[in-house]
4 protein chains.
Amino acid sequence: MTRAGIVGFRGYSGAELLRLLDHHPSVKPVLLEHRQDSEERTQPIQSKQYPRVPCTPEAVKSEQLAVVFLATPADVSMELAPAMLHAGAKVVDLSGAFRFRDAATYSRWYHEDHTAPDLLAETVYGLPEFCRERIRGARLVSNPGCYPTAANLALQPLVASGVIDRTTGIVCDAKSGVSGAGRKPSLKTSFCEVTENLTAYSVLDHRHVPEILMVSGIEEAELSFTAQLLPIHRGILETIYFRSHGLSSAAELLEIYSRCYEKEPFVRLYAPGAFPDIRSVDHTNFCGIGVKFDAATGRAVVVTVIDNLVKGAAGQAIQNMNLMLGIPETEGLL
Amino acid sequence: MTRAGIVGFRGYSGAELLRLLDHHPSVKPVLLEHRQDSEERTQPIQSKQYPRVPCTPEAVKSEQLAVVFLATPADVSMELAPAMLHAGAKVVDLSGAFRFRDAATYSRWYHEDHTAPDLLAETVYGLPEFCRERIRGARLVSNPGCYPTAANLALQPLVASGVIDRTTGIVCDAKSGVSGAGRKPSLKTSFCEVTENLTAYSVLDHRHVPEILMVSGIEEAELSFTAQLLPIHRGILETIYFRSHGLSSAAELLEIYSRCYEKEPFVRLYAPGAFPDIRSVDHTNFCGIGVKFDAATGRAVVVTVIDNLVKGAAGQAIQNMNLMLGIPETEGLL
Amino acid sequence: MTRAGIVGFRGYSGAELLRLLDHHPSVKPVLLEHRQDSEERTQPIQSKQYPRVPCTPEAVKSEQLAVVFLATPADVSMELAPAMLHAGAKVVDLSGAFRFRDAATYSRWYHEDHTAPDLLAETVYGLPEFCRERIRGARLVSNPGCYPTAANLALQPLVASGVIDRTTGIVCDAKSGVSGAGRKPSLKTSFCEVTENLTAYSVLDHRHVPEILMVSGIEEAELSFTAQLLPIHRGILETIYFRSHGLSSAAELLEIYSRCYEKEPFVRLYAPGAFPDIRSVDHTNFCGIGVKFDAATGRAVVVTVIDNLVKGAAGQAIQNMNLMLGIPETEGLL
Amino acid sequence: MTRAGIVGFRGYSGAELLRLLDHHPSVKPVLLEHRQDSEERTQPIQSKQYPRVPCTPEAVKSEQLAVVFLATPADVSMELAPAMLHAGAKVVDLSGAFRFRDAATYSRWYHEDHTAPDLLAETVYGLPEFCRERIRGARLVSNPGCYPTAANLALQPLVASGVIDRTTGIVCDAKSGVSGAGRKPSLKTSFCEVTENLTAYSVLDHRHVPEILMVSGIEEAELSFTAQLLPIHRGILETIYFRSHGLSSAAELLEIYSRCYEKEPFVRLYAPGAFPDIRSVDHTNFCGIGVKFDAATGRAVVVTVIDNLVKGAAGQAIQNMNLMLGIPETEGLL
């Protein structure tokens, strides 16, 4: 049985990693105790106990961890990743710390210096649908952000196929459940502030934008991205608008996706005019994509959904781990 | 005391009319019983009883109703409006029946024939911010749709000022609470289908689109409009995207709104980069507008919010009634 | 591979059966089409297709169904159960039709005549924790109601042990998510009626009361049961109050449960003063039980939770099926 | 125009005081800035500005405040109340600091010493339905807790009339919206922890219990009280169970309430078997009471609802202020 360490297991992504690994047939979780600042849930007597060790290089070695998941803030990930790698584990980092090739992009969008820039060159961006081969060989994989995962799965095939009229711009209107903001209490994520409400935030300047640009090949000036906080626990829906040239029907739009994703286990397409809702991907690693196209005017709309804690975080992290360790890619995820 | 009849008082808009008129200092509600197909709420003993009469021309006369609100489906409104007018009452219709000048537009978007086309020529569209003087003199006012109210308050001043680059299109991504779908039970509005979910619907073909075009002056080919069902009771937020030419700052964008709305009692503006959320207009007749503009690329985002049952329905209907009856416009609404 | 038919697969319990059987290693679902009055969910292209046949005795035979689940209203269950049994399938009925030994009790609480009374004598009540052996040998199992499942798991061991002072009565204050009311649209289960609300219903006369009396051994005059509709999708929490004689500590109370449930795979106990919440059993077949006892006054409180669609319906139905078919009891449920 | 100071105006109760005073015809709010640790809501440009001064005795005098509301934690209230009184203002305290006649009871339930015990003797408990005359003459009124307000309005008339069989005990199963826990962020009140959940807390040892005992006349050993956190913003529903002797019908039970509350403006009764839901008192100062009684067994259930932020906090505080200042009791509250 392969053993995988989890740092940040009390947070929402970390807890989701634990939930998923619990069903994984060939990997067993080990909890790495880094900071104890967050409350644990009340548990039944005799509930399942996972091995729990300090988060140290020694523990990585003695526990023979093949991989360590960092479900931690970016600053903690920058501190821990070098040590975990040095101790011999592969690393999947769920923070934003290692998502860009250069430290300058990180600094611009995360407003702090990068403290482990030497690792950026070797880091592989963990979106398996587009980077599968490089993930297989990576020591350090940077798990994508939740919004960029949905956006890039919807946009990359269209940009690559050239059907988007990029001169008129692309709009991505994104809505996310509250768990995307993490488990740390804050006024913005308090029940009374969120329920029966919808709030726009990071309008045109969300830190996930550069990931969308990097993967999709869109230019910054072409993309208008806005995030909105939904009164739901988990799930993301993004509504993407563009104008097309040289596209004659919705079927043709769908065909671009079909060709790209026909062998992908986690991308599910809908008939033209039918759309996935957030419920349809709840607690799954699927990404759902639906399209609408008005041939007379060239207006196109793509709706894409994921569960932000699964395909947008822990599920994709396990998908990456499977690839890195030579385990079948869908194991523990279907 | 002026008396106002309400048809459809069991529905959400009708009940909201009743709630608001209850606080109106110079108008008293009279319930007009048209169909009894919908359940009433359990009431305390000795709860306030409103006069309740059959919905007939005779009752309109005997009750001396100065105005009748039709909070009814479009087909019922087309049937009742002529009779109520003939009985001497002014009419504010909250359905989609009388929102267009020609029956053909109605037929195209509502998929049925118009049965009272003779009234269309004299009907005044009840968006006071743009049609105030004509509303004052009207016999029949068509209360705007909820989505178009928010969209037009955000778009009309910008289109009129010419700052939108219309060649690149305008996106209006709209999200609404469930009460916008009415009180009649349906699977789509069942609690279990809506909670912890978000669903896109009427993508590019919502029947509210022609109202936005009519008031804002935008062409159909220029506008991409999508509606989404939020897991909340009431409230609408619309995120509007466009590209601008000839605009140098967000302050300039705000200035366009300030000039247009400086004397408007129900439009509230936010400093650039600050945005209203749905909570900020809950149970009020306000429309909130916030802006973001990136001068380097011309990308602009406008966020606009209303309570769909107040400024998007019953509140605006009372605002129209006030104008039609010579009552101060804000009476009963602040 | 054993095959199991599902009638009522579009309803919430039926859909949950399908979700669970999808992960069951030794049973495959077959959809039995009985009435087509309910809408199906939008599905992705190439989504998994289950065999779908008419709900007839012929289909039961030709599909070689070992068991048929009736996730149907009581009147439909009374019609279908005899036919399915006659066709050679075992039956697990999720309705209230077969929960009592005599037709008179059914008539009193369900306000209609029983149309298949001949089957009542052989029916086994499907609460495995107390009826396991008889379930193994049954042709027809009546799956318990959701409220009684939680109430009886909490009450039966205490009643049996004699620690409850029954002269002072027992209170069971029950709260349920909306899915307990089924998928059929109604005003009571509409989103706008339920959200941000709590409603008491069936106060002292809920039809689930006789099931609690039957299993726990409590007398009707001793029990006060009230149901309340929570603004959540799924889950039940019941708060049970009684006074004790001859009990000296919460630990002793817990000990009664421990002895009764030490080998039970689906009952989870909490340390005195710790309580399960609804979240802790979400999408699981577990029942959680927590206790508080004040020795000075004899006041005791027991909090019990289940997922009404799993342990309260589909999960328990599969647990029963496993027992009836000689499959390990927890298969497909952990 | 009378002027009223509010300390703690950023909290939920304080903000509700501001919302209500905004509509009060004869009192104007003044914000007293005590601590600035909590975030304020984003406001529209030119939103209404209230006078804002430091929370000092000097400000109380110079602003000529007739009354000061302390919407503050108990320790802050114990610090501020003497100073505000000394500066010449009357005080309505919304915390638990002054609810008991003796410091020992406070210490037992709030687990800290009382730092202003000298004020306890003169403090009047602010439940107008039972303490109206003493409130009129008070300098310092202690506004009741939210749970006790609902419980006492339901229980006091029944206890006084002697229809409760107290030897069998009384159960009060209470459920509250999240705003009852205040605006300070915490894990327990985070959206993701609360949504789609229900949690029991303070089982048998809630600090509101002594207030119920004090007003209703019940003994501690007779009452079993449990609180539960609902996934809603505001509102309380309490389900009260007892056994009766000498009561022959639900009508008789209702009659006890009718006699007690016939002149009360804020208590609303329901016909036997009809029950108020939380929605029915949303944003109002009403308390709704519904009853069910089974004459054959003596089992009785009372359901009582309030809005915890209005009748359970700010609304009742204004009701108290009106009485203290000789203003009509319902002013600003209907």
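Values for this structure:
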{"quantity": "Hey, B:D113 in contact with a helix residue (DSSP H, G or I) (Cβ under 7 Å, 6 or more places away or on another chain), more than 24 Å from B:L18 (Cα to Cα), open to solvent by 60 Å² or more (accessible area, probe 1.4 Å) and outside the structural domain of B:E264 (by TED's automatic domain parsing) or not", "calculated": "yes"}
{"quantity": "Subset of the stretch D:198-210 (residues that are among the hydrophobic types (A, V, I, L, M, F, W, C) and either within 12 Å of D:F225 (Cα to Cα) or more than 7 Å from every other protein chain (Cβ to nearest Cβ) (or both))", "calculated": "D:A200, D:V203, D:L204, D:V209"}
{"quantity": "The listed residue being within 30 Å of D:A300 (Cβ to Cβ), within 18 Å of the chain's Cα centre (by Cα) and of a type in the set (G, A, S), out of C:A200, C:A221, C:A250, C:A227", "calculated": "C:A227"}
{"quantity": "Residue under evaluation A:A150, criteria (1) under 27 Å from B:Y270 (Cβ atoms); (2) within 14 Å of another protein chain (Cβ to nearest Cβ); (3) open to solvent by less than 10 Å² (accessible area, probe 1.4 Å), criterion not met", "calculated": "(1)"}
{"quantity": "Selected residue [farther than 24 Å from A:R234 by Cα and either without any contact (Cβ under 8 Å) to a residue 12 or more places away in the chain or more than 16 Å from the chain's Cα centre (by Cα) (or both)] from A:C172, A:C131", "calculated": "A:C131"}
{"quantity": "Among (1) touching a residue at least 60 places away in the same chain (Cβ under 8 Å); (2) among the β-branched types (V, I, T); (3) within 8 Å of another protein chain (Cβ to nearest Cβ) - the single one C:T297 does not satisfy", "calculated": "(1)"}
{"quantity": "Criterion violated by A:A104 - all others in (1) closer than 30 Å to C:A274 by Cβ; (2) without any contact (Cβ under 8 Å) to a residue 24 or more places away in the chain; (3) of a type outside the set (S, T, Y); (4) open to solvent by 40 Å² or more (accessible area, probe 1.4 Å) satisfied", "calculated": "(1)"}
{"quantity": "Filter result for A:K90 (of a type in the set (K, R), in contact (Cβ under 8 Å) with a residue 60 or more places away in the chain and away from chain C (no Cβ under 14 Å))", "calculated": "yes"}
{"quantity": "Test: residue in the stretch B:59-68 that is open to solvent by 20 Å² or more (accessible area, probe 1.4 Å), in the same structural domain as B:V124 (by TED's automatic domain parsing), assigned to a helix (DSSP H, G or I) and under 30 Å from B:H111 (Cα atoms)", "calculated": "no"}
{"quantity": "All positions within the stretch B:32-49 that are open to solvent by less than 50 Å² (accessible area, probe 1.4 Å) and either within 18 Å of B:M324 (Cα to Cα) or touching a helix residue (DSSP H, G or I) at 6+ places or on another chain (Cβ under 8 Å) (or both)", "calculated": "B:L32, B:S38, B:P44"}
{"quantity": "Restricting the stretch D:159-192 to residues that are of a type in the set (D, E, K, R) and more than 8 Å from chain C (Cβ to nearest Cβ), the residue that is most open to solvent (accessible area, probe 1.4 Å)", "calculated": "D:K184"}
{"quantity": "Test for C:R207: is it assigned by TED's automatic domain parsing to the domain that holds C:V159 and more than 16 Å from the chain's Cα centre (by Cα)", "calculated": "no"}
{"quantity": "Check on D:T195, out of contact with any strand residue (DSSP E or B) (no Cβ under 7 Å at 6 or more places or on another chain), modelled with pLDDT of 95 or more and within 14 Å of chain C (Cβ to nearest Cβ)", "calculated": "yes"}
{"quantity": "Residue match in the stretch A:157-166 (condition: in the same structural domain as A:E264 (by TED's automatic domain parsing), on the phi < 0 side of the Ramachandran plot, assigned to a helix (DSSP H, G or I) and small (G, A, S))", "calculated": "yes"}
{"quantity": "Which listed residue is among the β-branched types (V, I, T) and assigned by TED's automatic domain parsing to the domain that holds B:E16, from B:I256, B:I318", "calculated": "B:I318"}
{"quantity": "Of all residues making up the stretch B:254-268, the number that are open to solvent by less than 40 Å² (accessible area, probe 1.4 Å) and either of a type in the set (F, W, Y) or under 19 Å from the mean Cα position of the chain (by Cα) (or both)", "calculated": "5"}
{"quantity": "Matching residues, the stretch A:19-53, being of a type in the set (S, T, Y) and either within 14 Å of chain C (Cβ to nearest Cβ) or farther than 23 Å from A:E79 by Cβ (or both)", "calculated": "A:S26, A:T42, A:S47, A:Y50"}
{"quantity": "Positions within the stretch D:288-314 being small (G, A, S), in contact with an Asp or Glu (Cβ under 8 Å, 6 or more places away or on another chain) and surrounded by fewer than 24 Cβ atoms within 10 Å (Cβ to Cβ), in sequence order", "calculated": "D:G298"}
{"quantity": "Scope the stretch D:75-124; condition among the β-branched types (V, I, T) and closer than 21 Å to D:G137 by Cβ; matching residues", "calculated": "D:V91, D:V92, D:T123, D:V124"}
{"quantity": "Enumeration of residues in the stretch B:132-156 that are part of a helix (DSSP H, G or I) and either of a type in the set (V, I, T) or within 19 Å of B:A71 (Cβ to Cβ) (or both)", "calculated": "B:I135, B:C146, B:Y147, B:P148, B:T149"}
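Here's the yes/no breakdown for (1) modelled with pLDDT under 95; (2) within 20 Å of B:G145 (Cβ to Cβ):
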{"position": "B:T42", "(1), (2)": "yes, no"}
{"position": "B:K61", "(1), (2)": "no, no"}
{"position": "B:A66", "(1), (2)": "no, no"}
{"position": "B:F69", "(1), (2)": "no, yes"}
{"position": "B:P73", "(1), (2)": "no, yes"}
{"position": "B:K90", "(1), (2)": "no, no"}
{"position": "B:D93", "(1), (2)": "no, yes"}
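One line per residue, one yes/no per condition, for (1) within 24 Å of C:F242 (Cα to Cα); (2) more than 14 Å from chain B (Cβ to nearest Cβ); (3) among the small types (G, A, S); (4) touching a residue at least 12 places away in the same chain (Cβ under 8 Å):
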{"position": "D:I212", "(1), (2), (3), (4)": "yes, yes, no, yes"}
{"position": "D:E220", "(1), (2), (3), (4)": "yes, yes, no, no"}
{"position": "D:L229", "(1), (2), (3), (4)": "yes, yes, no, yes"}
{"position": "D:L253", "(1), (2), (3), (4)": "yes, no, no, yes"}
{"position": "D:Y270", "(1), (2), (3), (4)": "no, no, no, yes"}
{"position": "D:D282", "(1), (2), (3), (4)": "no, no, no, yes"}
{"position": "D:C287", "(1), (2), (3), (4)": "no, no, no, yes"}
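Residue by residue, here is whether (1) surrounded by fewer than 24 Cβ atoms within 10 Å (Cβ to Cβ); (2) hydrophobic (A, V, I, L, M, F, W, C) holds:
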| residue | (1), (2) |
| --- | --- |
| B:L204 | yes, yes |
| B:R207 | yes, no |
| B:Q228 | no, no |
| B:P231 | no, no |
| B:R234 | no, no |
| B:L237 | no, yes |
| B:I240 | no, yes |
| B:G246 | yes, no |
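The values are calculated or read from the model by the stated rules, or taken from the named source; none is laboratory data. Since the model is a prediction, treat every value here as computed from it, not as a measurement. No Cβ is skipped: glycine too gets one built from the backbone with ideal geometry, and neighbour counts run over all protein chains shown. In case anyone asks, the SASA skips ligands and DNA or RNA and just uses the protein heavy atoms, side chains included. Shrake-Rupley method; radii C 1.70, N 1.55, O 1.52, S 1.80 Å.
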